[in-house]
Amino acid sequence: MNSNGILRKHWFHVSLHFISDAVLFYLAFVVGLLLRFGDEADGSFGAHWPMLVLGGVVFSAMIYIVGLYSTHSAHRGAFERSFILLGCTVAAVLVVIGGSYALSAKPPGRGVVFLGTSVAFVGILVHHIFLLHALRTARERVAYIVTSAFDEVETRLFGNFGGHNLELAGVVAFNGYQPAGQARFLGKVEDLAEIVKREKIDRVLCTNKCLGDATLTRHFCKLRYSGVSVMPLVILCEEIEQYVPLELIGSEWLLNASGEPHLLYIKKVKRLFDIICSVLGLTLGAPVVALAALAIRLTSPGPIFYRQTRAGRFGRNFHMTKLRTMRTDAEKNGIQWCGQNDPRVTFVGRFLRRYRIDEIPQLWQVLCGHMSFVGPRPERPEIIQLLAVEIPFYQERLMVQPGITGWAQVSYPYGASVADGRRKLEYDLYYMKHMSLFLDAFILLDTVRIVLLGGAAPATRTVTQTETLQEWVRLSAAQTVPPPAPSEASSDSDLELKTA
């Protein structure tokens, strides 16, 4: 089942709105120049267009950082959005003016700035009002094919992954199964085409095992050629939430996912991207590292830098350098796990960790090719061996180069348990399947947000979702070919992931 278009819909819409806002900002100042100078605007346009392009990109980047392109931003009303948009517009205009002075170019006049800012704010506000309306009103009706009680438990997971834009219309029974859950019974698979038309179904969900049934495949093909999406729940979760629930995947998913990333991007474009970003980062970050090194030297005895062995791509070890954030005797009794408010972390080290300053020296490993700028977080070999026993598919994250930042790092806070390790792996697997230059660029913008906020927001499963997953695991154990399930240790362990 080719679902590439479905999988990339989220980032397609984010990119579309990003570009639209940048273009609107640019065109607004073109209008301002025309209104101010009329036929003589051509000369001013030639002098100002580079900074106007930069201003448009900066404006859209700020909108992304504050989260207005997210599908979860529907709770932000028109007034709050207006205030945020006004602030971002003014900030982008200041970038245009400041950049013009820095380049020794003539900045736009006050009249052009006033007209351009006004037109930009109004145009972008209209755009975001339509976006807000779409986020709040767009709904898709979904039908779920069930063949057993095991499948019906998955329908309860839908409520956690589906979001407010999806509505479960009901279930469709197959192979003589009689649904016993609370979901509405829509009919049998033999009448699937009629049910889809009658209930105005936009998507049909099923379990992975249903995709291998020849009878269902015929029905699915007919639906897909009629414009109705057919997918397992894990694919829907990828599209809506941008992570991969471990409970819903198996070896087949991993095999299909491994064929998604383009070799040209991994080998050529991503490496070029890493070199450019690491050189810029080392250049711009050098003063910050120097100040941090001075603070470490003045407040804590011992070396400024800390070298540690980490596992790279395919498990090859390399030495990673960071600014030291712990006391020198932090591991005098062997490898220990870092807890919240760990007393081994120095006062300066706590600040450096919070704002990721301690990780700037890792850019040297990126430049040398041991790491990538974006990728799964590099872990110590000892921790990987431990978590590989507790978490299914954990070693899959070693198939790509580790990164300073990554989708898991910006989507989930520091891991504090094996359970957190599971959750972060779900984001890592999503990135490994969908890695691209555009996704890397958005992750870098998310990293700016994390640095400004001092860390990712807490992200935990709801009690309902946890109970549903536990029941799903119990039922999966009774299946002929059980999918990988978490061990009891993974839910009870208090081992910490973040080390010195």
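The values are calculated or read from the model by the stated rules, or taken from the named source; none is laboratory data. Just so you know, these numbers come straight off a predicted model, no measurement behind them. Neighbour counts are summed over all protein chains in view; Cβ atoms, including those assigned to glycine, are modelled from backbone coordinates with ideal geometry.
Looking at region 146-155, can you tell me whether even one residue there is touching a helix residue (DSSP H, G or I) at 6+ places or on another chain (Cβ under 9 Å), closer than 18 Å to L68 by Cβ and among the charged types (D, E, K, R)?
Among the residues of region 146-155, not one is touching a helix residue (DSSP H, G or I) at 6+ places or on another chain (Cβ under 9 Å), closer than 18 Å to L68 by Cβ and among the charged types (D, E, K, R), which makes the answer no.
Within region 99-128, track down each residue that is over 18 Å from D21 (Cβ atoms) and within 32 Å of the chain's Cα centre (by Cα). Even if it seems obvious, please write down each step before you answer.
Step one: filter region 99-128 for residues over 18 Å from D21 (Cβ atoms), giving 99-115.
Answer for region 99-128, where residues must be over 18 Å from D21 (Cβ atoms) and within 32 Å of the chain's Cα centre (by Cα): just G99.
Among the candidates T137, T89, which residue alone is buried (at least 18 other Cβ atoms within 10 Å of the Cβ) and polar (S, T, N, Q)?
T89
Of the conditions (1) out of contact with any Lys or Arg (no Cβ under 8 Å at 6 or more places or on another chain); (2) within 27 Å of I235 (Cα to Cα); (3) modelled with pLDDT under 85; (4) surrounded by fewer than 19 Cβ atoms within 10 Å (Cβ to Cβ), L444 clears all except one; give me its number.
With respect to (1) out of contact with any Lys or Arg (no Cβ under 8 Å at 6 or more places or on another chain); (2) within 27 Å of I235 (Cα to Cα); (3) modelled with pLDDT under 85; (4) surrounded by fewer than 19 Cβ atoms within 10 Å (Cβ to Cβ), L444 is out only on (3).
Taking the stated definitions as given, is G415 modelled with pLDDT of 90 or more, surrounded by 17 or more Cβ atoms within 10 Å (Cβ to Cβ) and of a type in the set (G, A, S)?
For G415, the condition - modelled with pLDDT of 90 or more, surrounded by 17 or more Cβ atoms within 10 Å (Cβ to Cβ) and of a type in the set (G, A, S) - is not met.
Right, K188: touching a strand residue (DSSP E or B) at 6+ places or on another chain (Cβ under 9 Å), under 28 Å from S70 (Cβ atoms) and charged (D, E, K, R) or not?
Working: touching a strand residue (DSSP E or B) at 6+ places or on another chain (Cβ under 9 Å): yes; under 28 Å from S70 (Cβ atoms): no; charged (D, E, K, R): yes.
When the stated conditions are applied, K188 does not pass them.
Among the residues of region 294-315 satisfying the criterion of being touching a residue at least 12 places away in the same chain (Cβ under 8 Å) and in a helix (DSSP H, G or I), which is surrounded by the most Cβ atoms within 10 Å (Cβ to Cβ)?
I296
Test each condition in (1) charged (D, E, K, R); (2) part of a helix (DSSP H, G or I); (3) modelled with pLDDT of 85 or more for D420 and report the one that comes out false.
Single failed check for D420: (3).
Taking only region 284-293 into account, find how many residues are over 27 Å from the mean Cα position of the chain (by Cα) and without any contact (Cβ under 8 Å) to a residue 40 or more places away in the chain.
Within region 284-293, residues that are over 27 Å from the mean Cα position of the chain (by Cα) and without any contact (Cβ under 8 Å) to a residue 40 or more places away in the chain number 5.
Six or more apart or on different chains, Cβ under 8 Å: which pairs go from a residue in region 268-279 that's among the polar types (S, T, N, Q) to one that's surrounded by 14 or more Cβ atoms within 10 Å (Cβ to Cβ) and in a helix (DSSP H, G or I)? Could you list them?
S278/L363; S278/W364; S278/V366; S278/L367
Please tell me if G212 is exposed (fewer than 12 other Cβ atoms within 10 Å of the Cβ), closer than 30 Å to R423 by Cβ, assigned by TED's automatic domain parsing to the domain that holds R156 and of a type outside the set (V, I, T).
Details: exposed (fewer than 12 other Cβ atoms within 10 Å of the Cβ): yes; closer than 30 Å to R423 by Cβ: yes; assigned by TED's automatic domain parsing to the domain that holds R156: yes; of a type outside the set (V, I, T): yes.
Yes; evaluated as a whole, the condition is true for this residue.
In region 209-227, which residues are among the hydrophobic types (A, V, I, L, M, F, W, C) and touching a Leu at 6+ places or on another chain (Cβ under 8 Å)?
Result: C210, F220, L223.
Got at least one residue in region 180-198 being in contact with a Pro (Cβ under 6 Å, 6 or more places away or on another chain) and surrounded by fewer than 20 Cβ atoms within 10 Å (Cβ to Cβ)?
yes
Taking Y394 and the conditions (1) of a type in the set (S, T, Y); (2) more than 17 Å from the chain's Cα centre (by Cα); (3) at pLDDT below 90, which numbered condition does it fall short on, given that it satisfies the others?
(3)
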